[in-house]
Amino acid sequence: MQAEVNAQVAADHGLSPEEYGRVIKRLGRVPTLTELGIIGVMWSEHCSYKSSRLHLKKLPTSGERILVGPGENAGIVDIGGGWAAAFKIESHNHPSYIEPFQGAATGVGGILRDIFTMGARPIACLDALRFGPPDDPEHGPANRRIARGVVEGIAHYGNCIGVPTIGGECAFDPCFTANPLVNVFALGIFRQDSIFLGSAKGVGNPVIYVGAKTGRDGIQGASMASAEFDENSEAKRPNVQVGDPFLEKLLLEACLEAMQTGAILGIQDMGAAGLTCSTAEMGGRGGVGIEIELNRVPQREDGMTPYEIMLSESQERMLLVAERGREWEVLKVFEKWGLDAVEIGRVTSDGLLRVRHGGEVVAELDNGFLSDDAPLYDRPHTTPFRTAPMEGPELRESSGEDLLAALETLLASADLSSKRWIWEQYDYQVRTNTTAGPGSDAAVIRIKEAGVSLAMSLDGNSRYCSLDPRLGTQLIVAECCRNLAAVGAVPIAATNNLNFGNPEKPEIMAQLVQAIEGMGDACRHFGTPITGGNVSLYNETLGEGIAPSPVMGIVGILEHTEAPVGSCFPGAGHRIVLLGGLLPGCGDRLATRFGSTHYAKSVLGTTWGLPPAIDPEYESAVQEAARRIIGQGLARSGHDVSNGGLAVALAECCFGSPSVGAEVSLNTDLPPQYALFHESPSRMLLSVAPENIERVQQTAAELGVETLDLGETGGDTLSVRLNGAECFQVPLSRLHAIWDTVFESLLETQ
């Protein structure tokens with residue numbers, strides 16, 4: 001017997017009184033509990049994007065390489081030679097707070113299914129992670145537990161299924177203490193004539209359930225991801241799914257083999273909202289109805305109700321539509337791989353999602369009502385939330401000893417220190433095609449079939465976006481593209497993950513709107529249309545929200561399969577060239593722009609003002625200059641100057657294997673803190689053979705880009721001179737020890 005449905009039960013399912021009223025008016029009756037559960041998840045923020053859909057339309061989504069844009073499981077781009085790449089990013093933030101290991105692991109599984117649902121074989125993953133400070137006096141133990149669990153979960157799933165995790169980023173801030181962010185990017189490749197879409201077609205065609213059996217794990221997971229956490233969050237632990245990467249490997253191979261039969265007409269991952277979302281979305285995209293019988297659904301637990309079966313988010317499951325008369329070809333493939341494959345329904349002509357249980361209709365809803373007619377809000381957005389002042393402390397004169405101490409502080413910070421502890425847990429060389437892995441400016445993987453390489457960069461900067469969401473997001477896009485340029489790649493398309501707090505607060509909604517608008521402007525300028533992405537809102541606990549945290553994933557192409565230049569100095573005797581100049585585009589507001597730096601955060605203990613200024617035209621010129629210089633073989637290494645400024649970038653360039661020192665000399669009227677630690681964009685460090693220095697300078701000058709010859713590589717120290725006087729000279733062994741061991745020790749401390 002089903003529970004009585006009323007306004008309170010509807011509210012428990014995330015429906016406002018107005019939304020519940022719309023449901024009753026449309027149906028002409030009170031919905032059944034199963035129907036309410038279906039509507040609740042389909043109209044949740046996580047599934048419907050009801051707060052963001054209006055603004056996401058402002059993003060560019062078309063381009064000459066775009067084959068499939070937003071709206072499908074993943075975007076698809078043309079990479080040449082008849083080959084294509086599918087890629088996307090997704091979040092698993094809320095589950096990773098409740099159960100870090102499984103939350104992160106199933107996040108990997110979900111994004112991989114999004115890729116092979118399109119017909120592509122996944123070949124690479126990256127992740128963008130945010131945690132609370134590991135050394136926080138009060139919350140440090142919990143932050144370290146979450147960080148360890150998330151990293152172990154990502155490593156477990158990716159390593160077991162055999163897809164390399166080849167790069168990413170990780171940052172820390174108190175706002176992520178109870179709101180970790182786990183964003184996972186995946187990319188796959190396939191022939192352009194092998195694309196599959198997630199739509200049902202052909203009245204009478206069978207609807208087939210394949211993969212793992214359905215259990216009670218993950219029920220109401222999509223709704224959980226559409227609400228803030230409170231004192232009762234621990235009670236939501238059962239909502240986190242449990243993944244099995246070995247079963248997903250079987251599912252991947254079976255799906256790709258079944259697709260080759262030609263008998264599959266549409267296929268969809270059972271991700272958020274499980275069977276509900278897959279049936280409604282496939283029917284909605286195809287303009288048809290779907291009728292299913294729940295008694296035919298493979299179940300691993302006894303006594304499951306229709307409500308539980310429809311809302312379960314058990315992992316490693318897919319729904320597909322086959323051609324009537326050829327379904328045996330599909331069933332035979334899944335039988336070969338030892339997986340459940342059961343015909344549970346059929347395609348109908350009435351546009352309805354009809355759910356039967358033992359023959360009795362327990363839900364009958366219009367697919368369009370669930371998707372296209374889902375609530376769409378233009379929420380109030382006033383001024384973005386901001387706590388930092390516009391002016392900061394005056395900088396005091398700093399000796400060389402002070403500047404060296406500042407550099408060591410930055411290298412020891414959780415944000416900037418080596419993330420070796422993380423990426424050593426990932427098998428980033430599996431499949432043997434990774435030519436630039438973790439620690440590189442951009443990860444690169446060769447596509448031998450197409451004769452090209454694909455470069456991928458994942459970037460975010462909550463610090464910048466908290467000061468100015470629009471400009472901060474533009475800087476993120478620019479840095480992603482600059483990272484690609486550092487390996488010689490041309491950016492071609494992008495995906496994004498928008499992580500924000502409660503959109504019902506006008507100041508938070510303003511952050512989201514401005515970030516989207518800034519992203520749109522930057523993506524249009526750099527030629528990186530958005531192929532899809534993910535919106536994760538309500539990242540708040542006990543009323544405390546995260547800083548605005550958009551993450552960009554941008555894919556670039558190199559017209560060869562050789563290993564790209566690295567980011568570290570490869571040897572002694574090379575000239576060190578700063579491409580772009582010392583502080584381009586900062587103008588006369590250096591003090592205001594300095595407040596957003598890592599120096600301000602880690603050394604001065606406060607942030608203020610605005611992010612660095614950017615001239616998009618100059619940024620494009622710098623990137624093009626880098627690509628030409630690298631493409632002509634004139635640079636031995638290339639490294640973006642970003643977080644921590646020039647001094648940190650120089651140190652990172654020295655930390656190769658083996659380490660290579662540098663002797664650098666700067667002449668400037670700027671305060672030394674600005675010269676060494678300002679984070680002005682549009683800059684890159686190149687190492688160049690002496691005989692090529694003039695050609696490098698000429699290539700840059702042709703594009704209007706400034707170059708500074710800073711010095712020479714070699715030795716076992718980092719030596720910096722300012723205006724002819726020694727600033728500091730420090731053994732690389734000392735800097736490397738600080739940079740490479742602090743992060744690991746912080747996380748291992750109980």
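Length gained on full extension, residue 329 to residue 253: 25.9 nm, using 0.36 nm per residue less the C-alpha separation.
Extension gain for residue 242-residue 361 works out to 39.8 nm (0.36 nm per residue, less the C-alpha to C-alpha distance).
Model label sites at residue 6 and residue 18, defined 7 Å from Cα along the beta-carbon direction, differ in position by 2.4 nm.
Roughly what % antiparallel, to the nearest 5, for the DSSP beta bridges in the chain? Walk me through the numbers on the way to the answer.
On the way: 101 of 126 bridges.
In the chain, approximately 80 percent of DSSP beta bridges are antiparallel ones.
Average accessible surface for the chain: 34 Å² per residue, computed with a 1.4 Å probe over protein heavy atoms with every protein chain in place.
Residues within the reach of a label modelled at residue 386 (point 7 angstrom out along Cα to beta-carbon, backbone nitrogen below 18 Å), restricted to the stretch 467-491, are 467-476.
Show 457, 665, 733 ordered by accessible area, largest first, where the area counts protein heavy atoms only and the probe is 1.4 Å. Write down the numbers at each step before the final one.
Working: 457 5, 665 50, 733 90 Å².
The ordering from most to least exposed comes out as 733, 665, 457.
Surface composition of the chain: carbon plus sulfur atoms contribute 49% of the solvent-accessible area (1.4 Å probe, protein chains only, all chains present). With the simple spin-label model, which puts each label point 7 Å out from Cα in the Cβ direction, the residue 689 to residue 725 separation comes to 3.9 nm.
Please give the calculated 222 nm ellipticity per residue for the chain, where each DSSP H segment of at least 4 residues contributes -39500 (n - 2.57) and the sum is spread over every residue; nearest 500 deg cm²/dmol?
Working: 25 runs with 258 residues, N = 750.
Calculated from helices alone, the mean residue ellipticity at 222 nm is -10000 deg cm²/dmol.
For residue 591 and residue 194, a Förster radius of 45 Å and the Cβ-Cβ distance give a FRET efficiency of 0.20, rounded to the nearest 0.05. Ranked by the mean number of other Cβ atoms within 10 Å of their residues, highest first, the peptides 386-399, 615-628 come out as 615-628, 386-399.
Figure the gain on full extension for residue 745 and residue 305 (residue separation times 0.36 nm, minus the Cα-Cα span) and round it to one decimal in nm.
On the way: separation 440, 0.36 × 440 = 158.40 nm, distance 4.82 nm.
Contour length minus the Cα-Cα distance gives 153.6 nm.
Using a probe of 1.4 Å on the protein chains alone, the accessible area found for residue 18 is around 100 Å². Here the spin labels are modelled as points 7 Å beyond Cα on the Cα-Cβ line, and at residue 340 and residue 25 they lie 4.0 nm apart. Coupling constants for the stretch 330-337 follow from the phi torsions by the Karplus curve (6.51 cos²θ - 1.76 cosθ + 1.60, θ = phi - 60°), and in residue order they are 6, 4, 5, 5, 5, 5, 4, 8 Hz; glycine and proline get x.
In terms of packing, defined here as the mean over residues of other Cβ atoms within 10 angstrom, the peptides 273-286, 719-732 line up highest first as 273-286, 719-732. Which percent of the Cα-Cα distances in the stretch 445-534 go past 20 Å? Here the tail beyond 20 Å accounts for 39 percent of pairs.
Relative to the dominant Cα principal axis of the chain, helix 645-654 is inclined by about 90°.
Only one of (i) 142; (ii) 194; (iii) 172 was calculated from the structure for volume of the Cα convex hull per residue in Å³, and its label is (i). Residue order by solvent-accessible surface for 25, 448 is 25, 448, largest first, with ligands and nucleic acids left out and a 1.4 Å probe.
The values are calculated or read from the model by the stated rules, or taken from the named source; none is laboratory data. Computed from a predicted structure; not experimentally measured. Here the Cβ is made from the backbone with ideal geometry for all residues, glycine too, and neighbour counts use every protein chain on show. Surface areas here come from the heavy atoms of the whole protein model, side chains and all, with no ligands, DNA or RNA. Shrake-Rupley method; radii C 1.70, N 1.55, O 1.52, S 1.80 Å.
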